[in-house]
Every structure is written in C-alpha cells, then in structure tokens.
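Remarks on the structure that follows.
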Amino acid sequence: MVSRLLCAVGHRCGARPVPLLCALAALAGTACAEAWPGESLLIQAKLTARTDAVSGAMVSGAQALDAHSPVSVLEAKLSDLASEVASGAVELPDSVRASLDGIAREMDTILAGVRTMHVQAQSDVNRSHDDVIRCSDAINSTGRYASIRSNSQIAHESCREEEARLAANKKTKCDSYAELVAGAKLPSVSTPPSATELIAMLAWAGDFNQTFWTSKAACEAAVDEHKAQKDSCRTAQVKFEMAFCEQHAHLLDACDAYATCFSAKSQAKSLLEQQVRDGEDARKAQYISAKHIHCFVRVLNASSEEQGALLQACARSFEIDTSTLDIYYPPMPAKEQCSLDPVATPPCTADFLKDQYTTKAWHGAAPADTCSECPHLTTTTSTTTST
C-alpha cells in the first residue's frame, strides 16, 4: 500500500516528476500502476507485526530496530516529504491526502497493537516470576505431614507417660498384695485350741479374707489396666514412626522437586526476560515511528499556510515519552533452603532411638517397643529398644 501510495502521487514518474516519491516507490519494489484498489495499508504497515517465541505476538528487536524496516523507512521518507511540501518544493495532490489519512489510521492500529503487546509482555514477565515462586508449593505441601508427625509424637509420649504411671500403680498394688500374702500368719493356738482361740482364729480369717480379695483384685485390675495402656502405646508408637517416615519421604521428594522446578523456572524466567527486553526496545521503536508519522501526516494534510508551523512542532516534539511502555522485571526470587533437619534422623537410627525414646523420663518404666524402620529406606531390619 505504501508503494502504491507513492505511485499514486507520481505514477509513471514522468509527466510531473516527483523524484522523492518515485525513489521511495522504487525502494518498496512495486511497479507503479495508473489505478489501484484501496486495500488496507496493513499490506506494508503490518509487515512489522512479526512474531517470536515469547508470546506469539512480540516483534523481534532486531527487526523493529532495523532502520530499513517498513515503518522506519516510511517515517524517514514522510519526514523528507513533509519538509519538501512545507517548503513548496513538492506539491501534494488532493488524491494523496486521502491516502495519508489511511496511513494515520494504520498508525493508530500499530499504536494500539504496541500497547496490547506491552500488556501481554508484562503479563508474560509476571507469569514467569510467579512460576518461580510457585516452585515453593512443593515444600509447603509437606506442612501437613509435619503436623501429623508432631501430633502423633505428642500422642505417643503422652501415652508412654500414662503407661509409666500405670506401671508404678501396678507395682504398688501388686507389691501390697504380695506383702499381704507373704505376711499372712495365723494366730497362735493351743493344742487342742480352746473355744476362745477358735473364735479368735475365725475372726482373723474373716478379716484377712476380705483384705486378701480386695488386694488381689486391685493388683489384677492394675495389671489389666497397664497391659491395655501398653498395647495402646505400642499402636501409638507405630503411628508415630510411620508418620515420621511419611514426612521423611515426602520432604525428600519435595526438596528434589523444588530444586528441579527452581532451576527450570528460573532459567525460563531469565530467557523470557531477555526476549522481552528485545521486544520492549522494538515496541518503543515502533511507537516512536508511528507517533512521528502521525505528526508528518498532519503536516501533509494541512494547508500550505499551516504546514511550516506544524513541521516545526514535529521537530519540537521529536522526543517521544515511552515510559508507559516500560516493562517491570521483578527480581529473581531467592532460592529457598529446603532443610531435611526435621527428619534428619529417621526411625530406628541410633540418634532417633536416643532422641525419641531412651532419654525420655518415662522410658525406664515404659520402654519403647521394637522400632519400625521406614519402608522407603529399608524393609529388612529392625531394632529393639525394650528388654
């Protein structure tokens, strides 16, 4: 369309020579025609809408910054044309003014496209940053396993403390019963016993019998209560050890997943930001050219009396503010330390047995049962802490 516009101004490049326009037509590589349909200027202007791998809609920095790109060429030639027309060296036919309005509309299209691509580019940068942050989800997901392990640990310790108390109670009750039996002694009687002695013996037997059965029942109840508590603690211990193992396994997986994710996503973020930076420069270059072209079109569309002042206004506003097209690049998130310290000593290791069982105040009266090793570490051995 640009080349056809140029041809429309100086077609045949002969009868009324317009050297500058004919040169630009030749540069565009299109033969001039006496008549042409008014198809969209996107034929040339949208040559700059090339895409790259960043978002499918970003212009390559090298292409957009190329001084010979269609928009840059059009800007330069329209600048020269506006200068010649304003000075009176070139007369612009009315038929060309309508085509210049078309160029202005296409510049509006380019400016709108630049703004759209800027929004998309910022969105892509933000997304890549969020992708790195989301890698931490792998670590955060282990929190519930830590909670389960902590709760089961507390439950086991509380159980063992109660078991120790019941063990002491059993000892007290059963020792009392044993002492009662061991200390039982019939009253002395003569041979044959007298009636008074028999009465005394029967009285003693009645008292002893009541004490005996009461003490025996108390001992047996204490034994049963202690046994039930011990069985409950055995189950609580298994739950604690398995909860510890689950946390250990998931934390190992989470740390590996986080390291892999952070490496991949941080590299992707850096690569995308470099591509976006190229696109950012490209969009600003397009934006500036489109703004300049708008200004030159206003000059060419103006009356001869206004053209000089408008051209000077273009020169004064040559520096275009592109700060609205600046991309914010969030700093790279710091890599988190995925610590295995909470599960550094898995069940049945020497340190685990020491930290969790043998050094506890309750262990002497309520020793831990056989330890269950983590299935993901080994399934062949077990360690016994009870005697």
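Near ASP341, once Lys and Arg are set to +1 and Asp and Glu to -1 for all other residues with Cβ below 13 Å from its Cβ, the sum equals -2. Apply the a/c threshold of 1.5 to the C-alpha gyration tensor of the stretch 280-335 and tell me whether it is rounded, prolate or oblate. Prolate shape, in that a/c is at least 1.5 and a/b is the bigger ratio.
Using only the Cα atoms of the stretch 234-387, build the gyration tensor, take square roots of its eigenvalues as a ≥ b ≥ c, and label the shape rounded, prolate or oblate: rounded if a/c is under 1.5, else prolate if a/b is larger than b/c, else oblate. Verdict is prolate for the stretch 234-387. When each of the peptides 347-357, 294-304 is scored by how many other beta carbons lie within 10 Å of its residues on average, the order from highest to lowest is 294-304, 347-357. For the listed peptides 319-328, 108-117, a ranking on the average number of other beta carbons within 10 Å per residue, highest first, reads 108-117, 319-328.
Taking a Cβ cut-off of under 12 Å around ILE154, the surrounding Lys, Arg, Asp and Glu residues balance to a net charge of +1, with basic ones at +1 and acidic ones at -1. Of the accessible area of the stretch 204-269, computed with a 1.4 Å probe over protein heavy atoms only, carbon and sulfur atoms account for 59 percent. The residues neighbouring LYS173, those whose beta-carbon lies less than 13 Å from its own, together hold a net charge of -1 under the Lys/Arg +1, Asp/Glu -1 convention. Phi angles across the stretch 313-318 convert, under the Karplus curve 6.51 cos²θ - 1.76 cosθ + 1.60 with θ = phi - 60°, into 3J(HN,Hα) values of 5, 4, 5, 5, 9, 5 Hz, Gly and Pro given as x. What you get for the stretch 286-387, charging only the Cβ of Lys and Arg (+1) and of Asp and Glu (-1), is a dipole of about 80 debye around the Cα centre. Look at where the Cα atoms of the stretch 200-260 and of the stretch 263-302 average out, and the two centres are 74 Å apart.
At 1.4 Å probe size, with every protein chain present, just tell me what the per residue accessible area of the stretch 146-292 comes to in Å². Walk me through the numbers before you get to the answer.
On the way: 8050 Å² over 147 residues.
Per residue, the stretch 146-292 has 55 Å² of solvent-accessible surface.
Here's the picture: charge each Lys and Arg Cβ at +1 and each Asp and Glu Cβ at -1 in the stretch 224-296, and of ALA268, SER289, VAL238 the one pushed furthest to the positive end of that dipole is SER289.
The values are calculated or read from the model by the stated rules, or taken from the named source; none is laboratory data. Source: prediction; values computed, not measured. Because the Cβ atoms are built from the backbone with ideal geometry, glycine has one as well, and the counts that use them run over all protein chains shown. To get the accessible areas, we keep the full protein, side chains included, count just its heavy atoms, and leave off ligands, DNA and RNA. Shrake-Rupley method; radii C 1.70, N 1.55, O 1.52, S 1.80 Å.
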